[in-house]
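In what follows, a single structure is set out as structure tokens and then discussed.
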Amino acid sequence: MPSDTLWEIAKAEVEKRGSNGSESDGVEIGEKSVFFIGSKNGGKTTIILRCLDRDEPPKPTLALEYTYGRKAKGHNIPKDIAHFWELGGGTSLLDLISIPITSDTLRTFSIVLVLDLSKPNDLWPTMENLLQATKSHVNKVIMKLGKKNSKASSEMRQKIWSNMQKDHPDREIIDPFPIPLVIIGSKYDIFQDFDSEKRKVICKTLRFVAHYYGASLMFTSKSEALLLKIRGVINQLAFGIDKSKSICVDQNKPLFITAGLDSLSQIGSPPVPDNDIGKLHARSPMELWKKVYERLFPPKNTNTLKDIKDPARDPQYAESEVDEMRIQKDQLQISTLTDLENTKTDAWCLSRQQTT
């Protein structure tokens, strides 16, 4: 029998992993994270369940949810682990983005942005708010990582250009997202019935945004064939399976464009008459496309666009008994505060009388 104790065996295993993974500074190879963000009720949960082969009805996501999946590499080889995070509430819970993305997880992290194609007026503000918040946080984490490990930080900044060929004509124009990004347009079954001109604007705009950020772009629906293609893309992010080189840029079909395979020359200029472009004052290409897009799909009133900040008051999470108790608690608090204010007022009046 081996003389090593359990603790000695565990110590030897940790030291072995540390020496094998020294280049990644302790990040276990075969362990990745995928963070789903996007439109409220846009289908994020459905996509995750499909990727994990879980045959269960999707439930509304409350705040930030986590699950995981495993995939076998081979016989007697440890399984790869994929961590799946999902942000609920659309753009109402941006502060929670910082929870899963840390300096310890960043180098194995990917973002999946799911946009509801059936709601084009909400599409740009949802996309802009989520991407800006995520990018801002990731850049802060990279800076923090650079102070501890400048080599790892430098490698990350170089890696973001890996999807773009060195001789690509747009290399000097685009601004790749700091970590791998996939943009998924959901509910294509509804979108395909839109007017041709509207579909053209949405497709060209999303192609530009995806290309500018060095991201992959694809459309999906309840179709099994489309879900299988999406599953393949997510598996590539989660388990490192070979990346697809497929491409479909036909606006009359579901788009499928792998990062680095599109170009500004193929996308074309913003869909607006030439004599109108000069009237749109923009400081950057992204701002120009935003102005063009919002001419056809103006964002809704801020009051209707603003999501409910408190999930406890969101109708989709209604629980009659719990809500009734909550109302009673709120009323009790109001009553207590009123009594307290009355007591303070009485005390003040009394002191005034004594003074006079």
Check your understanding: What number in nm² do you get for segment 128-235 if you take the convex hull of its Cα atoms and divide its surface by four?
Key -> 8.7
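Restrict the search to segment 106-181; then list the trypsin sites (Lys or Arg not before Pro) that DSSP places in a loop and that have at most 14 other Cβ atoms within 10 Å of their Cβ. Working shown, then result.
Values: sites: 107, 135, 140, 144, 147, 148, 151, 157, 159, 166, 171; in loops: 166, 171.
Passing both the DSSP loop test and the Cβ count: 166, 171.
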Check your understanding: Can you pull the Kirkwood radius for segment 48-117, inverse mean 1/r over Cα pairs, to one decimal in Å?
Key -> 14.3
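Please say if segment 151-203 is rounded, prolate or oblate, where rounded means a/c under 1.5 for a ≥ b ≥ c the square roots of the C-alpha gyration tensor eigenvalues, and otherwise the choice is prolate for a/b larger than b/c and oblate otherwise?
Working: a/c = 4.51, a/b = 2.24, b/c = 2.02.
The shape class here is prolate.
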Point to revise | ³J(HN,Hα) computed for each position of segment 84-90 - Karplus, 6.51 cos²θ - 1.76 cosθ + 1.60, integer Hz, glycine/proline x | key: 10, 10, 9, 9, x, x, x
Check your understanding: Over segment 93-149, with a single point scatterer placed on each C-alpha, what log10 of the ratio I(q)/I(0) does the Debye formula yield at q = 0.21 1/Å?
Key -> -0.82
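Read-outs throughout are calculated quantities, based only on the coordinates presented, and are distinct from any laboratory measurement. Remember, it's a predicted structure, so these values are computed and weren't measured experimentally. Note: ideal-geometry Cβ built from the backbone for every residue, glycine included; neighbour counts use all protein chains shown.
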